[in-house]
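Comments concern the structure below.
The values are calculated or read from the model by the stated rules, or taken from the named source; none is laboratory data. Values in this document were obtained by computation on a predicted structure and should not be read as measured data. Note: ideal-geometry Cβ built from the backbone for every residue, glycine included; neighbour counts use all protein chains shown.
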Amino acid sequence: MNIIPRDIPPRSVWVLEQAGIHPLLARLYAARGVTGTEELDDALAKLLPPSTMLGLPQAATLLADAMAQNKRLCIVADYDCDGATACAVAMRGLKLLGAQHVAYIVPDRIVDGYGLTAPIAQRVKDSGADVLITVDNGIASIDGVAHARSLGLQVLVTDHHLPAAAPTPALPKSESAPSGGPEDTQVPSVGAIQLPNADVIVNPNQPGCGFASKSIAGVGVMFYVLMALRSELRARGIFDSATQPKLDVLLPLVALGTVADVVKLDANNRRLVAQGLKRVRALAMPAGLASLFVASARSAPVATTFDFGFALGPRINAAGRLSDMTLGIECLLTDDPARADELAKTLDGINRERRVIEGDMREQAMLIAESLFEGGDEAPPAICVFDPDFHEGVVGIVASRIKDKLHRPAFVFAASAAPGKEHELKGSGRSIPGFHLRDALDLVAKRHPGVLLRFGGHAMAAGCTIHEDGLDIFEQGLIQVAQEWLDAATLTRRLETDGPLAPEYRRVDLVDTLHKEVWGQGFAAPTFSEEVEVLSQRLVGEKHLALKLKHQGQPVDGIWFGHTDPLPAKVTLAFRLDADEWNGVRRVRFLVEGAQI
């Protein structure tokens, strides 16, 4: 591991300090590209204007017309936390704005697969709906949207994923690949973008959309749709500025989905999350969120983005992985505290089951992955793992664990449990910086036509379905792309830090100050690094290393979760600040993230 201190532009630090920002925060913000306080202003008025998102006016008109004609609306959700929160925001928001008939359908991960399919469209039609609204899916559902339209449904797609690439035929063998490559590995020209034939599409990642926050989550897109709809209803005289419903009550759900989906926290996403956190800390949130805080033993008045990403989000996600995401959505929709408590406890139980399954799978998957480079061989540039006993609902988490440990793009496959799909393998992948996973899948699909039955995703996470006979071809294809795209430097784990921690900042009150800020993907939580003395070390719980350290001449406790190898007497550590409480006394503790030995 290479521990690399971030560049800290002194001019930006000075500007922020002159504006009254705490010196430590000024340094941290500057290192993350913040150049002025306007980027830190989290007021709702500073959100990017809805007018810049392609399709919003048309979506608002479609929905306002449908409501005026008393049409029935049906939301097609996704089975992860972003999809669940987007569904809850849509349900709550549309009802707030006056919709009388709103229902939802959430596909089953195993039976239905991802996105709007023809059978899901048929279920929407059979429910009596007139308008189908996708949330956090739909941009790649070419056939599903076409079928919905053929049934007479109006279709509004709201999504944030990348559009599908149009099918591209494989190159003829006479068109040679770069010298030395096998004949079936030529790179054909990139196919055109293919969009579904929906009535309206709202997605900042569709061609021609000028919305600056391309990283907005699916729940954020739906929130923007509701803002545009409210504006349209205001223009029609349904509301005025005094009587219009307050959509900010939805922001705790927007914040949860945004953090849980691990999208980049650009300035606009940070504003959405900050506004949601403020309301959660003031206990102004749906009953289900309050119950999830209790079920996960977290304190809402001091809620952090960590709580969203590692406590609430996983409990919502567990429903979609092992059971039925309807449980998660209903928890977010209910206003009955007793019902919310019941659902939150159920979700907590499912999450505990998920942890057990994940633990067993992770151990087996790691053994398979490490067997790929036994005898001292270097790990291949990409990892593919399959076991017939794996559970397809947990493959993404296990892929993430392998990626974290081996610092390689990793795919984990499980046999499909869907009826009639027994010979298909469902895979989920996680990537490292420098390797765009969805683009890699696209290239594998072009080089090896027919191997990938379905695929989609982002740069850092993607999913695919292959026939069981195609696993070896897929693995070799992915490894070849990784060999071409990744070099030794990229395959070496880099941990960016904020450099040394001045001893005057090793205080509990500053730990609390840091925890209150919005940190996450693309705006990393503060991590410091410097050489320390290791005074003593011991294992706790058989899998964590408890440390007594000397930092800048003063003793401080530390812990390295999930690490058991002993450290030398002097070592450069990367660590985050935390506060540990013992007998009512809070003390600073270092949470070790890595070591450069």
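From the set of residues in the range 196-236 that are assigned to a loop (DSSP other than H, G, I, E, B) and among the hydroxyl-bearing types (Ser, Thr, Tyr), which is nearest to Thr134 (Cα to Cα)? Restricting to residues being assigned to a loop (DSSP other than H, G, I, E, B) and among the hydroxyl-bearing types (Ser, Thr, Tyr), the top hit is Ser215. Scanning the range 51-91 for residues that are touching a residue at least 12 places away in the same chain (Cβ under 8 Å) and of a type in the set (Asp, Glu) gives Asp78, Asp80, Asp82. Can Asn317 be described as more than 30 Å from Asp509 (Cβ to Cβ), of a type in the set (S, T, N, Q) and in contact with a Pro (Cβ under 7 Å, 6 or more places away or on another chain)? Here the answer is no, as Asn317 does not meet what is asked.
Within the range 299-328, if we keep just the residues that are among the small types (Gly, Ala, Ser) and touching a helix residue (DSSP H, G or I) at 6+ places or on another chain (Cβ under 6 Å), the residue that is farthest from Arg270 (Cα to Cα) turns out to be Ser323.
Scanning the range 361-396 for residues being over 18 Å from Leu491 (Cα atoms) and touching a residue at least 60 places away in the same chain (Cβ under 8 Å) gives a total of 6. Consider Tyr104 carefully, then state whether it is crowded, with 24+ Cβ neighbours inside 10 Å, touching a residue at least 12 places away in the same chain (Cβ under 8 Å) and aromatic (Phe, Trp, Tyr). So Tyr104 fails the test.
Against the list (1) in contact (Cβ under 8 Å) with a residue 40 or more places away in the chain; (2) part of a loop (DSSP other than H, G, I, E, B); (3) under 30 Å from Val273 (Cβ atoms), the condition Ser529 fails is (2).
Take the residues in the range 532-544 that are touching a residue at least 24 places away in the same chain (Cβ under 8 Å) and farther than 22 Å from Arg494 by Cβ; name whichever of them is surrounded by the fewest Cβ atoms within 10 Å (Cβ to Cβ).
Once the filter is applied, the top-ranked residue is Leu539.
What single numbered condition from (1) surrounded by fewer than 22 Cβ atoms within 10 Å (Cβ to Cβ); (2) modelled with pLDDT of 90 or more; (3) assigned to a strand (DSSP E or B) fails to hold for Arg454? Every condition holds for Arg454 apart from (2).
Here is a yes/no grid of residues against (1) in the same structural domain as Val111 (by TED's automatic domain parsing); (2) in contact with a helix residue (DSSP H, G or I) (Cβ under 6 Å, 6 or more places away or on another chain); (3) farther than 22 Å from Arg315 by Cα:
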| position | (1), (2), (3) |
| --- | --- |
| Asp360 | no, no, no |
| Pro381 | no, yes, yes |
| Cys384 | no, yes, yes |
| Phe390 | no, yes, no |
| Val394 | no, yes, no |
| Ser400 | no, no, no |
| Leu406 | no, no, yes |
| Ala418 | no, no, yes |
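Among all residues of the range 96-105, there is none that is part of a loop (DSSP other than H, G, I, E, B), under 19 Å from the mean Cα position of the chain (by Cα) and assigned by TED's automatic domain parsing to the domain that holds Arg230.
Just one of (1) hydroxyl-bearing (Ser, Thr, Tyr); (2) within 30 Å of Arg454 (Cβ to Cβ); (3) without any contact (Cβ under 8 Å) to a residue 24 or more places away in the chain fails for Thr37. It is (2). Yes or no: the range 557-565 includes at least one residue that is within 30 Å of Gly257 (Cα to Cα), among the small types (Gly, Ala, Ser), surrounded by fewer than 13 Cβ atoms within 10 Å (Cβ to Cβ) and not assigned by TED's automatic domain parsing to the domain that holds Val262. Yes, the range 557-565 contains at least one residue that is within 30 Å of Gly257 (Cα to Cα), among the small types (Gly, Ala, Ser), surrounded by fewer than 13 Cβ atoms within 10 Å (Cβ to Cβ) and not assigned by TED's automatic domain parsing to the domain that holds Val262. Output yes when any residue across the range 275-286 is of a type outside the set (Phe, Trp, Tyr), closer than 20 Å to Asp336 by Cα, in contact (Cβ under 8 Å) with a residue 60 or more places away in the chain and not assigned by TED's automatic domain parsing to the domain that holds Ala462, and no when none is. For the range 275-286, residues of a type outside the set (Phe, Trp, Tyr), closer than 20 Å to Asp336 by Cα, in contact (Cβ under 8 Å) with a residue 60 or more places away in the chain and not assigned by TED's automatic domain parsing to the domain that holds Ala462: present. Checking each residue of the range 5-12 against the condition of being surrounded by 13 or more Cβ atoms within 10 Å (Cβ to Cβ), in a helix (DSSP H, G or I) and not hydroxyl-bearing (Ser, Thr, Tyr) gives no match. Taken together, the criteria exclude Ala410 from residues that are in contact with a helix residue (DSSP H, G or I) (Cβ under 6 Å, 6 or more places away or on another chain), outside the structural domain of Lys264 (by TED's automatic domain parsing), modelled with pLDDT under 95 and buried (at least 23 other Cβ atoms within 10 Å of the Cβ). Looking at Thr527, is it hydroxyl-bearing (Ser, Thr, Tyr), under 30 Å from Val263 (Cβ atoms) and buried (at least 19 other Cβ atoms within 10 Å of the Cβ)? Yes: the conditions hold for Thr527. Just to be sure before I move on: is Val385 touching a strand residue (DSSP E or B) at 6+ places or on another chain (Cβ under 7 Å) and of a type in the set (Val, Ile, Thr) in the structure I sent? Answer is yes for this residue.
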